[in-house]
Amino acid sequence: MEKYLIIWILLGLILSIFLGYYLYYYKVKQPTKINLLLAIIRSFVFFLIGLLLINPSIPEEVLFSQKTKLSVLVDNSSSIKYFKKDSLINHILEGLKNDKKLNKKFNIDYYSFGNKFQLSDTFNFNDNQTDISIPLKKITRIQKNRNSPIVLISDGNQTIGNDYLYTKIKEPVFPIVIGDTSKYKDVKISQINVNRYSFINNKFPVETILQYDGVQPVRLRYSIENNGKIIYTKIIKFTEKNNSRILKTFIKASQEGLNVYKSKIQYLENEKNKANNYKNFSVEVNNKQSKILIVSSFYHPDLGALKKAIERDKQRKVNIEIIKSKKHQINDYELIILYQPDEKFNLLLKQLNSNKLSFMLITGSKTDWSFINNESLGITKKNINQLENYSASFNNSFFTFSQKNIGFENFPPLLDYFGELNIMIPQQTLLFQNINGYSSQRPLLVTANENNQKKIFLYGEGIWKWRSSSFQKKNSFINFDKFIGSIVQYASNKKIRDRLDIDIKPAYNINSKILISAFYIDENFQFDNRATLLFTVLNKNTKEKKILPFSLSDSSYQLYLNSLDSGKYEYTVSVNEQDISKKGNFVVNDFLVEEQFTSANSNKLGLLAKKTKGELYFEDNYNLLIDKLVNDDQFQIEQKSKQISSNLINKTWMMLVIVTLLSIEWIIRKYIVKV
């Protein structure tokens with residue numbers, strides 16, 4: 001563009017010179033010096049007019065004043081309102097906004113933080129969580145200037161996020177401490193750790209963390225209640241040094257469904273904050289167990305070993321039956337284990353194959369291989385009437401499910417008939433046969449999956465010895481039991497997947513954001529984004545009922561519930577115009593994390609100010625902070641320059657020059673040359 005601009009200017013200059021020469025020099029018979037002067041003036045006028053027509057841009061350097069940026073971060077959490085400091089913060093903000101000197105020196109931006117960080121000049125103090133690290137981190141990215149101060153108006157108490165003391169901050173931070181900084185004696189339930197689910201009549205663990213802030217030794221009663229009945233109580237001793245206790249207990253799950261428990265620590269005398277002395281938790285108690293059936297034609301120690309190993313998981317129940325000539329009720333079981341089958345298993349195998357049910361088959365010294373070879377199970381064996389001991393060798397390349405080597409090579413050998421084994425279905429080998437120290441590639445334990453019918457084959461009896469050997473080496477059965485449990489988990493008959501799955505927790509805290517997710521599939525088991533899902537929620541206490549629609553989000557449906565009162569709720573998720581629904585229960589605990597503090601954390605805010613080379617101020621002397629910012633020389637209005645481009649046609653001096661030249665030309669012609 002600049003290349004063509006120069007060409008146009010040169011052409012304009014040449015044309016201007018030609019026109020001036022033609023008008024005042026070429027047409028005159030005897031030109032004088034005055035004619036030359038007039039030609040030059042007229043050429044210059046033509047050239048300037050041509051420049052205006054071309055209208056090139058002219059770079060200029062402009063000076064301007066830039067104020068220092070001041071960011072004011074305001075704690076918008078509900079703890080401010082709980083301690084009745086919301087009007088005080090609004091008063092402080094009015095003081096900042098109305099101070100003329102401060103606003104003359106700084107460009108001031110106001111931000112709120114709590115659950116989220118955002119630019120704002122109005123505050124409602126309703127956020128139910130406080131994260132101070134995020135606003136400090138984000139404001140550093142926004143300002144990009146080490147000399148831009150940050151005013152942090154907060155009580156310094158954080159409930160979520162990373163520790164703000166370890167946030168990398170380049171700018172000086174000037175905290176204004178909001179709230180009472182006096183230390184009060186207080187005892188609180190800091191945390192409760194408990195499993196979300198348990199099984200009926202099982203005992204589930206409850207871990208409670210208690211904290212005491214005081215000088216005098218105290219003895220306080222801690223208790224856990226269920227339905228108004230105390231089910232656990234203990235006297236706890238606290239001192240100034242021994243101010244934290246971790247209590248562990250076990251509670252029996254005696255009632256099916258959602259069970260709500262209330263944990264409570266006795267109040268101190270004249271304790272200021274009693275909201276943190278109790279905390280609710282809930283456990284979903286399930287009365288359903290996975291049932292495993294072991295079928296044999298005789299009793300053997302392997303049966304008891306398998307039963308004990310499988311039932312280590314309290315979710316599983318094992319029944320042992322002697323084979324019958326009539327049909328077995330197998331539909332209630334998730335896995336059938338066939339122990340050394342013979343011709344008596346004929347009817348049972350037909351049941352399994354016709355229903356495509358998964359099974360585990362264990363062979364041994366009393367197995368009828370002629371029967372197995374004729375049952376189309378996917379395996380055959382050409383055996384001779386000779387028994388062989390088979391030790392195990394672990395296959396590191398087994399990937400069907402996760403299983404570590406628990407020392408299989410050191411377990412006693414299993415007993416089975418010697419012969420050539422053929423497997424005609426897709427399979428993976430977990431354990432290879434090891435005969436007299438020679439590791440072969442012949443399988444000892446294999447997994448197979450034929451048309452979604454899972455099959456496990458273990459070629460050898462005597463697995464009870466493996467469990468005993470595992471105990472002798474580790475003084476525990478857990479490794480062996482987990483090994484059997486992994487096999488059962490893989491082979492269990494899974495019910496056809498529900499078309500509607502719900503992701504919802506059994507308990508939430510009041511004022512927390514409740515996210516409920518739903519996954520709905522069509523009859524081909526593909527995600528269906530055309531459906532309309534409805535969430536019906538009923539407050540069991542007030543009988544208030546709400547019906548809310550889900551929103552489609554990527555490959556799931558989502559719903560946010562806000563402002564639910566504390567209490568027990570019953571919900572139903574239904575698919576519109578479909579006879580498909582899911583029901584359940586959840587509880588909203590009367591627990592406000594923002595009300596768990598007794599005083600402002602001025603010490604931590606002071607450390608933050610010291611770390612960033614700022615200063616700490618309190619709610620009653622915030623005017624000193626204003627004076628500090630106004631009079632501090634490190635925060636000065638800067639004089640800066642910048643390059644701008646302006647069009648020549650916008651320059652008024654060009655018109656003045658043209659008018660002046662034309663006036664000079666007119667005077668010369670009028671009074672000197674008299675043309």
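The values are calculated or read from the model by the stated rules, or taken from the named source; none is laboratory data. Since the structure is predicted, the reported quantities are computational estimates derived from the model, not experimental observations. Cβ coordinates were reconstructed from backbone atoms using ideal geometry, including for glycine residues, and neighbour counts include every protein chain displayed. To get the accessible areas, we keep the full protein, side chains included, count just its heavy atoms, and leave off ligands, DNA and RNA. Shrake-Rupley method; radii C 1.70, N 1.55, O 1.52, S 1.80 Å.
Quick notes on this one:
- Counted residue by residue at 0.36 nm each, then reduced by the alpha carbon distance between them, the extension gain from ASP501 to GLU269 reaches 78.6 nm.
- Solvent exposure of LYS234, expressed as accessible area, is near 80 Å², computed with a probe of 1.4 Å over the protein chains only.
- Crossing angle, helix 33-54 versus the chain [Cα axis fit, 0-90 degrees, rounded to tens]: 20 degrees
- Scaled against the 2.2 N^0.38 Å expected of a compact globular protein of N residues, the Cα radius of gyration of segment 104-224 reads 1.50.
- Sequence-distant aspartates and glutamates (8 or more away, or on other chains) whose Cα lies within less than 14 Å of LYS505: GLU284, GLU570
- Each of ASP632 and ILE54 was given a label point 7 Å from its Cα along the Cα-to-Cβ line. The distance between the two points is 5.3 nm.
- Extension gain from SER297 to ASN331, taking 0.36 nm per residue of separation minus the Cα-Cα distance: 10.2 nm
- Extension gain for THR572 to LEU5 (0.36 nm times residue separation, less C-alpha to C-alpha distance): 196.7 nm.
- For segment 499-621, a simple Cβ point-charge model (Lys and Arg +1, Asp and Glu -1, everything else neutral) yields a dipole of about 280 debye relative to the Cα centre.
- Per residue, the convex hull spanned by the Cα atoms of segment 241-400 amounts to 248 cubic angstrom.
- When both segment 394-447 and segment 111-129 are represented by their alpha-carbon centers, they are found 62 Å apart.
- Note on GLN289 and PHE418: with the Förster distance fixed at 45 Å, the Cβ-Cβ geometry gives a FRET efficiency of about 0.70.
- For segment 351-438: span of alpha carbons on each principal axis (Å, largest first): 38, 34, 18
- When +1 charges are put on Lys and Arg Cβ atoms and -1 charges on Asp and Glu Cβ atoms, the dipole computed for the chain relative to its Cα centre reaches about 1020 debye.
- Listed pairs LYS137/LYS610; LYS144/LYS610; LYS327/LYS382; LYS203/LYS404; LYS241/LYS262; LYS317/LYS583 exceeding 22 Å between Cα atoms: LYS327/LYS382; LYS203/LYS404; LYS241/LYS262; LYS317/LYS583
- Net dipole in debye of segment 308-376 [+1 Lys, Arg Cβ; -1 Asp, Glu Cβ; about Cα centre; nearest 20]: 240 debye
- Spin-label model distance (nm) - SER663 vs LYS382, 7 Å beyond Cα toward Cβ: 12.4 nm
- Model label zone, ILE160; criterion: amide N under 17 Å from point 7 Å along Cα-to-beta-carbon; scope segment 67-89: 75-80
- Rounded to whole numbers, the Karplus 3J(HN,Hα) couplings from phi for segment 430-442 are 8, 10, 9, 6, 10, 10, 6, x, 9, 8, 9, 9, 7 Hz, using 6.51 cos²θ - 1.76 cosθ + 1.60 with θ = phi - 60°, and x at Gly and Pro.
- Cα-Cα over 24 Å, subset of LYS69/LYS116; LYS454/LYS474; LYS252/LYS582: LYS454/LYS474; LYS252/LYS582
- With a Förster radius of 60 Å applied to the beta-carbon distance between THR542 and MET655, the computed FRET efficiency rounds to 0.15.
- What separates the Cα centres of segment 597-639 and segment 205-264 is a distance of 41 Å.
- Most positive-pole-ward Cα, SER365, THR68, LEU431, against dipole of the chain from beta carbon charges: THR68
- Annotation: average projected area of the chain is 55.6 square nanometres, based on the convex hull of Cα atoms across all directions.
- At R0 = 60 Å, FRET efficiency that the Cβ-Cβ distance of GLN191 and GLU343 yields, to 0.05: 0.50
- Cross-link partners of LYS651 among lysines (Cα-Cα below 24 Å; sequence separation of 8 or more within a chain): LYS3, LYS640, LYS642
- Once both labels are positioned 7 Å from their Cα atoms along Cα-to-Cβ, the gap between SER365 and ASN243 label points is 7.0 nm.
- Relative contact order of the chain, defined on C-alpha pairs under 8 angstrom at six or more residues apart (%): 16 percent
- Descending by average beta-carbon neighbour count within 10 Å, the peptides 152-161, 392-401 line up as 152-161, 392-401, the highest first.
- Taking the empirical scaling 2.2 N^0.38 Å for compact globular proteins as reference, segment 144-295 has a Cα radius of gyration ratio of 1.47.
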